[in-house]
Amino acid sequence: MPLDDIAGSLLGGLLRFVIYVLVDIFFEAIIKGTGHIVLVTLRPNKEPSETACAVVGLLFWAALLVAGVLILRSLLN
């Protein structure tokens with residue numbers, strides 16, 4: 001039975017690591033990257049902070065999702 005506990009702990013730790021890496025890549029590349037592009041486009045002379053990039057990126061993707069849902073609803077009606 002100890003082998004089952006070791007394997008379970010190892011697989012659990014590996015799964016946690018993989019999920020952490022995927023979430024980190026998703027958040028850093030897609031959300032903060034989009035926020036950085038938007039902020040640099042709007043204010044080219046100022047370097048945006050990571051927090052501002054994250055907030056603007058989340059707002060951008062939320063607005064895109066809402067616009068997509070509204071367009072889909074209007075097309076289906």
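The values are calculated or read from the model by the stated rules, or taken from the named source; none is laboratory data. The structure presented is a predicted model; accordingly, all values stated were derived computationally and were not measured. No Cβ is skipped: glycine too gets one built from the backbone with ideal geometry, and neighbour counts run over all protein chains shown. Calculation scope for accessible area: heavy atoms of the full protein, side chains included, ligands and nucleic acids excluded. Shrake-Rupley method; radii C 1.70, N 1.55, O 1.52, S 1.80 Å.
Would you check which residues across the stretch 26-50 are open to solvent by 100 Å² or more (accessible area, probe 1.4 Å) and under 17 Å from the mean Cα position of the chain (by Cα) and list them?
Of everything in the stretch 26-50, those that are open to solvent by 100 Å² or more (accessible area, probe 1.4 Å) and under 17 Å from the mean Cα position of the chain (by Cα) turn out to be PHE26, ILE37, GLU50.
Could you please tell me which pairs satisfy a Cβ distance under 6 Å, a separation of 6+ or placement on different chains, a first residue in the stretch 37-63 that is touching a residue at least 40 places away in the same chain (Cβ under 8 Å), and a second residue that is not in a helix (DSSP H, G or I)?
Taking only residues 6 or more apart or on different chains, not a single pair turns up.
Return the total of residues in the stretch 46-63 being touching a helix residue (DSSP H, G or I) at 6+ places or on another chain (Cβ under 9 Å) and part of a helix (DSSP H, G or I).
Going through the stretch 46-63 one residue at a time, the tally reaches 11.
Give the residues of the stretch 1-25 that are open to solvent by 100 Å² or more (accessible area, probe 1.4 Å) and among the hydroxyl-bearing types (Ser, Thr, Tyr), sorted by residue number.
TYR20
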